[in-house]
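Peer 1: Below is a structure I'd like to ask you about.
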Amino acid sequence: MTAVATHRATPVAPVTDNLALLGESALWCPRERLLYWVDIRAPALHRFDPQTGAAAHWPLPDLCGAVALSRSGRLLLAMRSGVCWFDPALGKLDPLLSPEPESLGNRLNDSKCDRRGRLWTGSMRDYGVATSGSLYRIGADLACARVLTDVTVPNALAWSPDDRTLYFADTPDGRIRAYDFDADEGRLGRMRVLVESGVLPGRPDGATVDADGCLWNARYDGGCVVRITPQGRIDRRIDVPASRVTSCAFGGADLRTLFITTARQKLTADELIAQPLAGALFSTSLDVRGLPEPRFAA
């Protein structure tokens, strides 16, 4: 069984007044020194400037599962219908490609870029009501390849600092997987289970990796973020005053601030009273540093 370290209290605080229905995909842009994230359910792209406290948001026409950076300076949005370009300065949304036909009835969810500039995006039936999703790899030439099938809710995409491991979770399955990764070819190899189902509170949601190679995983319905070593040991836990913790990302000038998104969807009236900050964006200062988020090569 995975070893779990003694819990250490780490203070977290909300950073904006906005409460998302389903906050997701926290993403730090080092070039702009701004944090982006999405609200999937009340579809919008959000932005926060930690230096000034200024916040902005752009309503979107449909469900949006994730946001990613590109080398062109534009953003990529993983929408219900496919991947789109988005220019915040113009508020303009332009379709890029659809990994799978709309007739499948899926939407896109967790999406990240690897350090070779490829976009990885997972599809799912909304609310995870069917195991109809896949994980796709999209190159700068827009060539799209299906990498995994039979996925219910794709989450926890992240890469080790040496690019030899890809982390992934299918949320209802409960396990966090670690795949051998060929960075040159973008291929997955042998899979091992990093953390078994049931070891940690809640279920695995979004994730990121720090400079020491440890995985930070948001725990949906678990009310926390945990730090997991490459050997599968849980060596830190950060409690969040919201049960539905959805994603986390390192940001700030020195990449030592952890930003955490949460959700309030489907909480009962009593649960919302007990969790008035459910759906908030939180932050906490840490003694470990994150890594810059890679950009799509186009």
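The values are calculated or read from the model by the stated rules, or taken from the named source; none is laboratory data. Everything numeric in this text was worked out from a predicted model, so none of it was measured. With ideal geometry, Cβ positions are generated from the backbone for all residues, glycine too; neighbour counts draw on all protein chains shown. Keep in mind that these areas ignore ligands, DNA and RNA; they rest on the heavy atoms of the full protein, side chains included. Shrake-Rupley method; radii C 1.70, N 1.55, O 1.52, S 1.80 Å.
Peer 1: Where the second residue is open to solvent by less than 10 Å² (accessible area, probe 1.4 Å) and modelled with pLDDT under 95 and the first is part of a loop (DSSP other than H, G, I, E, B) and lies in segment 16-39, which pairs have Cβ atoms under 7 Å and are six or more apart or on separate chains?
Peer 2: Here the result reads none, with nothing in segment 16-39 linked to a residue that is open to solvent by less than 10 Å² (accessible area, probe 1.4 Å) and modelled with pLDDT under 95.
Peer 1: Listed residues LEU157, LEU142; which is part of a strand (DSSP E or B) and under 29 Å from ARG74 (Cβ atoms)?
Peer 2: Values: LEU142 fails: part of a strand (DSSP E or B).
Answer to the selection: LEU157.
Peer 1: Just to check your reading of the model, which residue among LEU93, LEU76 is surrounded by fewer than 20 Cβ atoms within 10 Å (Cβ to Cβ), hydrophobic (A, V, I, L, M, F, W, C), in contact (Cβ under 8 Å) with a residue 24 or more places away in the chain and in a strand (DSSP E or B)?
Peer 2: Numbers: LEU76 fails: surrounded by fewer than 20 Cβ atoms within 10 Å (Cβ to Cβ).
Of the residues listed, the single one that is surrounded by fewer than 20 Cβ atoms within 10 Å (Cβ to Cβ), hydrophobic (A, V, I, L, M, F, W, C), in contact (Cβ under 8 Å) with a residue 24 or more places away in the chain and in a strand (DSSP E or B) is LEU93.
Peer 1: Which residue pairs have Cβ atoms closer than 6 Å, lie 6 or more positions apart in sequence or on different chains, and pair a first residue in segment 204-225 that is more than 15 Å from VAL240 (Cβ to Cβ) with a second residue that is charged (D, E, K, R) and modelled with pLDDT of 95 or more?
Peer 2: Correct list of pairs: ALA211/ARG289; CYS214/ARG227.
Peer 1: Starting from segment 113-140, take each residue that is closer than 22 Å to LEU27 by Cα and list its partners that are exposed (fewer than 15 other Cβ atoms within 10 Å of the Cβ) and of a type in the set (Lys, Arg), counting only C-beta distances under 8 angstrom and pairs at least six apart or across chains.
Peer 2: Between residues of segment 113-140 that are closer than 22 Å to LEU27 by Cα and residues that are exposed (fewer than 15 other Cβ atoms within 10 Å of the Cβ) and of a type in the set (Lys, Arg), the close pairs are GLY117/ARG71; LEU135/ARG146; TYR136/ARG146.
Peer 1: Let me ask something additional. With respect to the numbered conditions (1) more than 12 Å from the chain's Cα centre (by Cα); (2) over 17 Å from VAL15 (Cα atoms), which one is the sole condition not fulfilled by ASP205?
Peer 2: If we test ASP205 against (1) more than 12 Å from the chain's Cα centre (by Cα); (2) over 17 Å from VAL15 (Cα atoms), just (1) comes out false.
Peer 1: Additional query: Taking the options ALA178, ALA140, name whichever one is among the hydrophobic types (A, V, I, L, M, F, W, C) and out of contact with any strand residue (DSSP E or B) (no Cβ under 6 Å at 6 or more places or on another chain). Let's see the steps before the verdict.
Peer 2: Working: ALA178 fails: out of contact with any strand residue (DSSP E or B) (no Cβ under 6 Å at 6 or more places or on another chain).
Answer to the selection: ALA140.
Peer 1: Moving on. With among the charged types (D, E, K, R), crowded, with 20+ Cβ neighbours inside 10 Å and modelled with pLDDT of 95 or more as the only criterion, which of ASP180, ASP205, ASP184 stands out? Before you say what the answer is, go through the steps one by one.
Peer 2: Numbers: ASP180 fails: crowded, with 20+ Cβ neighbours inside 10 Å; ASP184 fails: crowded, with 20+ Cβ neighbours inside 10 Å.
Unique residue meeting the criteria: ASP205.
Peer 1: Does GLY82 satisfy the criteria of being without any contact (Cβ under 8 Å) to a residue 60 or more places away in the chain and surrounded by 15 or more Cβ atoms within 10 Å (Cβ to Cβ)? Before the answer, list the steps.
Peer 2: On the way: without any contact (Cβ under 8 Å) to a residue 60 or more places away in the chain: yes; surrounded by 15 or more Cβ atoms within 10 Å (Cβ to Cβ): yes.
Here the answer is yes, as GLY82 does meet what is asked.
Peer 1: Identify, by number, the condition in (1) among the acidic types (Asp, Glu); (2) surrounded by fewer than 19 Cβ atoms within 10 Å (Cβ to Cβ); (3) within 17 Å of the chain's Cα centre (by Cα) that ASP49 doesn't meet.
Peer 2: Checking ASP49 against (1) among the acidic types (Asp, Glu); (2) surrounded by fewer than 19 Cβ atoms within 10 Å (Cβ to Cβ); (3) within 17 Å of the chain's Cα centre (by Cα), the one that fails is (3).
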